[in-house]
Amino acid sequence: MQDPLALDPIAAYDFREGQGDTIASLAPDEDDSLTLTLGDAIDREAQPPRQGILGPVSPPGQGGARWAEEGLVIEGARVAAKTYGPAAWLTDTLVDAGALSVEFVGGPGDTEQNGPARMVSLSVDPYHRNLTLGQEADRYVLRLRTTDTDANGTPNIETPPGTVRPELQHVMATYDGGVARVYVDGELAVEEDRGGSLESWDADYPLVIANEADLERQWRGTVALAAIYDRALTNDEVTGRADAWLA
Amino acid sequence: MPGRHEAAMTRRDFVGRLGAGVLALGAAGSVARGQGSPKVGIAQSEHVLVDGAVRPYTVGEMIDRAVMFVTGAASADAAWSGLFSADEVVGIKPNGLGGYGCSTDPAVITHCIQRLHGVGVRPESILLWEDRPNNLDACSLSVDEPLLGARSHLIQSDLTEPITHGSLTDRFFRPLVNDVDAVLNLPILKAHPICGVTLAMKNHYGSLADPSAQHFDRCNTPMVDLADMPFIRDKTRLVVCDGTRARIQGQAYGEPEYYPNVVMAATDPVAHDTVGYHIIEDERERRGIAPLKGSDLEPRYIAMAAERGLGVADLESIDYEVIDLA
């Protein structure tokens, strides 16, 4: 069953059939810091293309975002669902656990967007993050900051080329304190050792869905679910989640 | 037929009139569009490529139309006659760094040489050069086989002593400095991983001996000093850019990723590069690629060159026109 709370996430957002400009976490929000806001992006009108030298210039996606039965459809630019302020409790909980999982269910708008285009981020700008699950053209990318990495969580952990498809996909990143894994549609796509610990994480970063906090790394597509767990889900659990969403 | 002196005066007067708008700009580098604005002709044809190969007849027509726009001449013969004269030594700098398929096309080079012949420039008075054998090869040029009588050279075969201008010190292809009267610059339309774009001004990195030493400040300051070298600044007569295929991000070599199907012509290299930069930037925006402007890759050299008085960098002050050959 597509129950966002089936495996006890500490933050969970169901974007199906949403409305308004806020998305509350379905998991208990211990310090009221996990509600996401879309600001003015919802139902923002598309801008007419400007005239370039060789013809009209119309960037991919116009306008902002809109609600649909399948989730939040993001076609424009400068769209993000993010916490009003730092997601401090979330960050502290994950640091204490020393492990995590990040779940994203959605349909990428294309296989060319890059940046990486941020899908789920605990970060403040393009160069400082605790974690990001994103898309780099036809690959999913995990940036996970530990005491052994830089403040940007690089080097990237990347799935093989062709992993991203412009259709509903289930993406899960897990970290058990030593190994980071990314699953796509229930299948392990990449695993790499990631030494160190989460002690270097910064509790001042917001939680951001579908963009970077400065709105300069837009991810376009349809978001159905985003969830975060304070443990590394097992292979079987990941497969079960994917089966539930993609059946 | 006019005598040699009369022909030279006619050409110099003509070029002087073309450049008057530029020279009057001063440091600001901008002027109200209209009389005095530098011209950039952009000839476009959806038929110029067939299975990825350039059609010689079509690209020749595009070159002619673009050059006619820049000069205001009623015919290609008149346009080229107004820019070059029979008694001159003409140097042609193609761009072969991008490899096969992403370098100045042989059909572009051939047509330009034919137009120079039409002006009366002797075949042996036309020379081409590049800095590496592979780069010549990518343009289907060879030091062993003249192209319509024009010889190709590797610059290392004949270099000057070091010449310093501003931040830049390097050795140069000696014939460019000493023998060539007029330069025809044949760049292509490419992004660059260090300086953002590589167009007419960057093309002359293939005219100096140690281009790798001139990449400081992301090439911006040395590129302006290079363009301001008297033997480049004062001898550059025409830029004809092969924009049939282009790259808009990443490395300056490799497969083309954008097919604008254009040839651009200009007498103002700064105006040319301004237009080329905007064409690349427009396509990046169409594809949702982050703009060069405001990033480390912003081609600051263009505005810097305008501030130096080398041309016009304000798109609003450039008289450009897309000429659709359909």
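The values are calculated or read from the model by the stated rules, or taken from the named source; none is laboratory data. No experiment lies behind these values; they were computed from the predicted model shown. Please note: Cβ atoms are built from the backbone with ideal geometry, for glycine as well, and neighbour counts cover all protein chains shown. Side chains are part of the model used for accessible areas, which takes the heavy atoms of the whole protein and leaves out ligands, DNA and RNA. Shrake-Rupley method; radii C 1.70, N 1.55, O 1.52, S 1.80 Å.
Do any GluC sites (Glu not before Pro) in region A:65-100 lie in a loop, going by DSSP, with at most 14 other beta-carbon atoms within 10 Å of their beta carbon, and if so which?
Working: sites: A:E69, A:E70, A:E75; in loops: A:E69, A:E70, A:E75.
For GluC sites (Glu not before Pro) across region A:65-100 that sit outside H, G, I, E and B with at most 14 neighbouring Cβ atoms in 10 Å, the list reads A:E69.
Around A:G178, with a cut-off of 12 angstrom between Cβ atoms, what is the net charge of the other residues, counting Lys and Arg +1 and Asp and Glu -1?
-3
Find the eigenvalues of the gyration tensor of the Cα atoms of chain B, then list the square roots of 5 times those eigenvalues as equivalent ellipsoid semi-axes, largest first, in whole angstrom. Don't skip to the answer; put the middle values down first.
Working: eigenvalues 126, 100, 96 Å².
Semi-axis lengths for chain B are 25, 22, 22 Å.
Give, rounded to the nearest 20 debye, the magnitude of the charge dipole that chain B has about its Cα centre when Lys and Arg contribute +1 at Cβ and Asp and Glu contribute -1 at Cβ.
Numbers: 29 positive and 43 negative charges, 54 e Å.
Charge dipole of chain B: 260 debye, to the nearest 20.
Within a Cβ distance under 14 Å of A:P161, other residues only, what is the Lys/Arg minus Asp/Glu net charge?
Details: positive: A:R139, A:R165; negative: A:E112, A:E136, A:D138, A:E158.
Here the charged neighbours net out to -2.
Pull up all non-local amide H partners of A:G153: gap of 5 or more, or a different chain, and H-to-H distance under 5 Å with H placed in the peptide plane.
Result for A:G153 returns A:R129.
Evaluate the charge dipole of region A:85-246 about its Cα centre and quote only its size in Debye, nearest 20, assuming +1 on the Cβ of each Lys and Arg and -1 on the Cβ of each Asp and Glu.
That gives region A:85-246 a dipole magnitude of about 240 debye.
Order the following by accessible area, largest value first: A:R194, B:R171, B:R115. Probe radius 1.4 Å; ligands, DNA and RNA are ignored.
Ranked from most to least accessible, the order is B:R171, B:R115, A:R194.
Rounded if a/c is under 1.5, else prolate if a/b is larger than b/c, else oblate: which is the protein assembly as shown, with a ≥ b ≥ c the root eigenvalues of its Cα gyration tensor?
Prolate, because a/c is 1.5 or more and a/b exceeds b/c.
Based on the alpha-carbon gyration tensor of region B:114-254 and its eigenvalue square roots a ≥ b ≥ c, which shape applies: rounded if a/c is under 1.5, prolate if not and a/b is larger than b/c, or oblate?
oblate
Please work through chain B and write down the cysteines that have no neighbouring cysteine Cβ at a distance under 4.7 Å.
B:C102, B:C112, B:C139, B:C241, each lacking another Cys Cβ under 4.7 Å.
Using the Cβ atoms and a cut-off under 15 Å, what net charge is assigned to the surroundings of B:A305, where Lys and Arg are +1 and Asp and Glu are -1? It would help to have the intermediate numbers written out before the result.
Details: positive: B:K202, B:R218, B:R233, B:R300, B:R308; negative: B:D217, B:D225, B:D228, B:D234, B:D268, B:D273, B:E298, B:E307, B:D314.
Neighbourhood net charge equals -4.
If you rank B:W80, A:W89 by how much accessible surface each has, with a 1.4 Å probe, what is the order from largest down?
Largest to smallest exposure gives the sequence A:W89, B:W80.
Would you kindly derive the ³J(HN,Hα) couplings of region B:164-173 from the backbone phi angles with the Karplus curve 6.51 cos²θ - 1.76 cosθ + 1.60 (θ = phi - 60°), listing them in order in whole Hz, with x for Gly and Pro?
3J(HN,Hα) across region B:164-173, in whole Hz: 10, 8, x, 7, 10, 10, 6, 9, 10, 4.
Just to confirm the filter: which GluC sites (Glu not before Pro) across region A:112-182 are DSSP coil and have at most 12 other Cβ within 10 angstrom of their Cβ?
Answer in residue order: A:E167.
List, in order, the whole-Hz ³J(HN,Hα) value for each residue of region B:306-316 obtained from phi through the Karplus relation with A = 6.51, B = -1.76, C = 1.60 and θ = phi - 60°; use x for Gly and Pro.
Along region B:306-316, the couplings run 5, 4, 7, x, 8, x, 10, 10, 8, 4, 5 Hz.
Roughly how big is the protein assembly as shown's charge dipole about its Cα centre, with Cβ charges of +1 (Lys, Arg) and -1 (Asp, Glu), in debye to the nearest 20?
Once rounded to the nearest 20, the dipole reads 2660 debye.
Once the dipole of region A:85-246 is set up with Lys and Arg at +1 and Asp and Glu at -1 on Cβ about the Cα centre, which of A:L100, A:G196, A:A210 lies farthest towards its positive end?
The one lying farthest along the dipole's positive direction is A:A210.
Taking amide H atoms as placed 1.01 Å from N in the peptide plane, list the residues 5 or more away in sequence, or in a different chain, whose amide H sits under 5 Å from that of B:L128.
B:I92, B:R151, B:S152, B:H153
Listed here are the pairs B:K190/B:K293; B:K202/B:K235; B:K235/B:K293; A:K82/B:K293; B:K190/B:K235; which of them are more than 21 Å apart at the Cα?
From the list (B:K190/B:K293; B:K202/B:K235; B:K235/B:K293; A:K82/B:K293; B:K190/B:K235), the Cα-Cα distance tops 21 Å for B:K235/B:K293; A:K82/B:K293; B:K190/B:K235.
Express in Å², to the nearest 10, the accessible area of B:Y277 obtained by rolling a 1.4 Å probe over the protein heavy atoms while all chains stay in place.
B:Y277 has an accessible surface of roughly 30 Å² with all protein chains in place.
Where a ≥ b ≥ c are the square roots of the eigenvalues of the C-alpha gyration tensor, would you call chain A rounded, which needs a/c under 1.5, or, failing that, prolate if a/b is larger than b/c, or oblate? Don't skip to the end; give the middle numbers.
Values: a/c = 1.42, a/b = 1.38, b/c = 1.03.
The shape class here is rounded.
With θ set to phi - 60°, apply the Karplus curve 6.51 cos²θ - 1.76 cosθ + 1.60 along region A:85-95 and write out the HN-Hα couplings as whole Hz, x wherever there is a Gly or Pro.
x, x, 8, 5, 4, 4, 4, 4, 5, 5, 5
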